[in-house]
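The structure appears right after this line, and notes come after that.
The values are calculated or read from the model by the stated rules, or taken from the named source; none is laboratory data. This structure is a prediction, so every number in the text was calculated from the model and none was measured. Cβ: placed from backbone, ideal geometry, glycine included. Neighbour counts: every protein chain shown.
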Amino acid sequence: MDYPSKLIEEAVNQIAKLPGIGKKTALRLVLHLIKSKEENTFALTDALSNLRANIKFCKVCHTISDTELCTICASHRRDRSMVCIVEDVKDVMAIENTAQFNGLYHVLGGVISPVNGVGPADLKIESLVNRLNHGQSEIKEVILALSPTMEGDTTAFYINRRIKELSVKVSVIARGVPVGGDLEYADEITLGRSITGRTLFN
């Protein structure tokens, strides 16, 4: 593709690195930014720069936060007897949108995938075990809310094996979520029912 400007080409190449965006879509976005008011474009670049400079991860559950302790972990209204284990921050957002869960979370940062070179040590599993050991008096149930894929199931089995000696109930969300699917694509009603209809993990 020929570009009338090297500046446009550079912007297109950078935007096209985002997931789900090809060169044509990136070009449309760049041309839109050029046509927009200057302050709108600068507001976008300022927001992105501020995001990268100041975003934090909760020191307890590892979700994205503006502060060292996220609003969910800091809230006194949450049920501290339940911890929902999820793969990514997107899953926290998806479950929160169902309004069916009032416990705490633990974000693993991925799932075990030998094909992709991701092992247990690459995830936040050790911090989960430490969290359960230190907060055992409060935490009564661990809910494995991982996508029903081979990698998700492998991760669930590994976590269950690591914590089976602890006096916590281990449950898994009901399989209302289709096997092989991702939580972020499940509708809110199905996901909500999966949370409320969770079963013991075995």
* Condition broken by PRO19, with the remaining ones in (1) within 30 Å of ILE143 (Cβ to Cβ); (2) part of a helix (DSSP H, G or I) satisfied -> (2)
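Conditions tested, residue by residue: (1) assigned by TED's automatic domain parsing to the domain that holds ASN130; (2) under 18 Å from the mean Cα position of the chain (by Cα); (3) charged (D, E, K, R); (4) surrounded by fewer than 16 Cβ atoms within 10 Å (Cβ to Cβ).
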| residue | (1), (2), (3), (4) |
| --- | --- |
| ALA43 | no, no, no, yes |
| ALA47 | no, no, no, yes |
| THR67 | no, yes, no, yes |
| ASN102 | yes, yes, no, yes |
* Asked: Can THR45 be described as at pLDDT 95 or above and assigned to a helix (DSSP H, G or I)?
  -> no
* Could you please let me know if SER113 is surrounded by fewer than 21 Cβ atoms within 10 Å (Cβ to Cβ) and under 13 Å from HIS62 (Cα atoms)? => no
* To do: Check segment 144-165 and report whether any residue there is over 16 Å from the mean Cα position of the chain (by Cα), surrounded by 14 or more Cβ atoms within 10 Å (Cβ to Cβ) and of a type in the set (D, E, K, R).
  => yes
* Asked: If you check ILE195, ILE139, ILE189, which single one turns out to be surrounded by 18 or more Cβ atoms within 10 Å (Cβ to Cβ), at pLDDT below 95 and part of a helix (DSSP H, G or I)?
  -> ILE195
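Give ASP91, ASP79 a once-over and let me know the one that is crowded, with 19+ Cβ neighbours inside 10 Å and either in the same structural domain as LEU146 (by TED's automatic domain parsing) or not hydrophobic (A, V, I, L, M, F, W, C) (or both).
Working: ASP79 fails: crowded, with 19+ Cβ neighbours inside 10 Å.
It is ASP91.
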